[in-house]
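S.K.: Got a structure for you, questions after.
The values are calculated or read from the model by the stated rules, or taken from the named source; none is laboratory data. It should be emphasised that the depicted structure is a prediction, and the values quoted were computed from it without experimental measurement. Using ideal geometry, Cβ is built from the backbone for each residue, glycine included, and neighbour counts are taken over all protein chains shown.
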Amino acid sequence: MNCSFTEKISSLIDGELSATQAREVERHLLTCSDCEQLRADFLNLRSQITSFETSLQPEVQNRALKKILAGPRRAPARGLQWNFGTQALGFAMLLIVAAIIGFVVYQKSNNQRGQKDVAVVVQTPSPVPAATIEHGKQPNAKESPEPQTSPNKNNEDKSPRQAPNKRPIVREPKPGEQFATIPEPTIPGPVRSADAETMTAMHFETSERLLLAFKNVRLDEPTAAEEVGYERKRAKQLVYQNMLLKREADAAGDVQISSLLENLEPILIDIANLPDRPDENTVRAIRERVERKNIVGLLRVNSMALARALD
Amino acid sequence: MASEDEEFTMLFQDFYPSLCRFLECLLGGRAPLAQDLAQESFLQLHRTAWGTLPVGEARFWLYRVARNMAINEFRKSNTRYRLFDRVVEVMRPRARNPEQEYEVQERNAMVLEMLQTLPEDQRAALLLREQEQLSYREIGQVLNISESKVKIDIFRARASLRERLSKLSGISRVARIGN
């Protein structure tokens, strides 16, 4: 593929192009199917990479925090595990490992026989099955030495997304819950039309691009006024769409989507109402709100989840 | 002091899991090692730089330190780590049912395998972009490279992964036709 736009498409999906360049690339995408395919492929790659789940356990996280806060130490925690150095210890460790493997294999072969009858295998000391973890109730916070010390550590605490999830997959994995079981994207009970879901997914994607581009506007550059003007125009268009989609999501009882749209709305309105030459503080305040509420991440996860559900 | 600890706790709760994920992807799996390195990075931050760094900078500092540690790990040839990691992985308590666990593992393995085909600098830049949502400027700060290099690295990483995936899907198509 030899199109001169290929590199710019990568920057476009990252929101790293100026308004003028972004417009130019978007226009090009309408006419070049190769580039459109490239963009879709890049987004698909993104979706795969972000779907990676770490196997971190809440207990491990809490232990690590306790160790660090316990005060300065001579030997780093990792060193304690492996800096034994002597061959004898290494050999002993190998023997232990071999014994463990044998034990595990033995146990597995035993388990496999009875597995079909076991509905849920919960061996973790975590008191709550991961699938039921709610925002603001991270299991890791339970054992934290100072759970009350993070009143605003989790922006979702204030967010209306605490409402019961109808679409469990659409949450942005936040610290401590990457390991939460994300249920299969089963089609939820309350039915929203495929059209509405497609519109919502597209709306999320466009809004994400807008917010990324807005994040990258540099006010000290001569083109800043033009860029702000462009983002403002796009925000105006999105505000109306946002309102309609929110109404639709409310009617369908989709609390998750509705609350995300509700969070997005004031931000779009603020961008749409920016003056030609906004002062740095105003722009920074909007950016900080976007960051604090993790809007970009949520939009990304939701648009992907919706797109996946539609597939 | 207490408020410093509170702030540190907040930062830790916010970024420790992401740092673990970043390291895990960078190291090609090896979750326990990734968690140790993430802990070590936070420990260093707490011991040396906390209080002197602006809070906004701490995140970039962490990623920079963690990535350097990961590079040191690449240099060691340490089969014992791998063996130990494998055992810990097998012993890890599972909270999902076996099918879900299998699916997640398959997906993770595919992502890791895919990422391992990239040079380390491209992989780090791509991960910081896709998983951590850093801007090119921020990635440049973390990796200590220019913004234009970040842009090129990310583009090349994507292009190379895309090519690889299209080849793979071509092979599987041929295999299906063959059957």
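S.K.: Is it the case that region A:271-282 has a residue that's of a type outside the set (D, E, K, R) and within 14 Å of chain B (Cβ to nearest Cβ)? Spell out how you get there, then give the answer.
M.R.: Residues of region A:271-282 that are of a type outside the set (D, E, K, R), as a first pass: A:271-275, A:278, A:281-282.
If we keep only those that are within 14 Å of chain B (Cβ to nearest Cβ) too, we end up with none.
Within region A:271-282 (the criterion being of a type outside the set (D, E, K, R) and within 14 Å of chain B (Cβ to nearest Cβ)), the answer is no, since none of the residues qualifies.
S.K.: Take region B:51-78 and flag every residue that is touching a helix residue (DSSP H, G or I) at 6+ places or on another chain (Cβ under 6 Å) and within 10 Å of another protein chain (Cβ to nearest Cβ).
M.R.: Listed by number, the list holds a single entry, B:69.
S.K.: Can you tell me which residue is nearest to residue B:15 (Cα to Cα) among those in region B:30-75 that are β-branched (Val, Ile, Thr) and either at pLDDT 90 or above or not in a helix (DSSP H, G or I) (or both)? It would help to see each step written out before you state the result.
M.R.: Filtering region B:30-75 down to residues β-branched (Val, Ile, Thr) leaves B:48, B:52, B:55, B:65, B:71.
Filter once more, keeping what is either at pLDDT 90 or above or not in a helix (DSSP H, G or I) (or both): B:52, B:65.
Numbers: B:52: 19, B:65: 14 Å.
So, considering only residues that are β-branched (Val, Ile, Thr) and either at pLDDT 90 or above or not in a helix (DSSP H, G or I) (or both), the one nearest to residue B:15 (Cα to Cα) is B:65.
Yes/no per residue for (1) in contact with a Gly (Cβ under 8 Å, 6 or more places away or on another chain); (2) within 11 Å of chain A (Cβ to nearest Cβ); (3) among the hydroxyl-bearing types (Ser, Thr, Tyr):
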residue: B:105; (1), (2), (3): no, yes, no
residue: B:112; (1), (2), (3): yes, yes, no
residue: B:123; (1), (2), (3): no, yes, no
residue: B:126; (1), (2), (3): no, yes, no
residue: B:129; (1), (2), (3): no, yes, no
residue: B:132; (1), (2), (3): no, yes, no
residue: B:145; (1), (2), (3): no, no, no
residue: B:150; (1), (2), (3): yes, yes, no
residue: B:156; (1), (2), (3): no, yes, no
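S.K.: Now for a separate question. May I ask you to verify whether residue A:280 is more than 24 Å from residue A:46 (Cα to Cα) and outside the structural domain of residue A:43 (by TED's automatic domain parsing)? Spell out how you get there, then give the answer.
M.R.: Working: more than 24 Å from residue A:46 (Cα to Cα): yes; outside the structural domain of residue A:43 (by TED's automatic domain parsing): yes.
So residue A:280 fits the description; yes.
S.K.: List the pairs whose first member sits in region B:46-64 and is closer than 12 Å to residue B:7 by Cα and assigned by TED's automatic domain parsing to the domain that holds residue B:4, whose second member is surrounded by 18 or more Cβ atoms within 10 Å (Cβ to Cβ) and of a type in the set (Asp, Glu), and whose Cβ atoms are under 7 Å apart, counting only residues at least 6 apart or on separate chains?
M.R.: No pair meets every condition.
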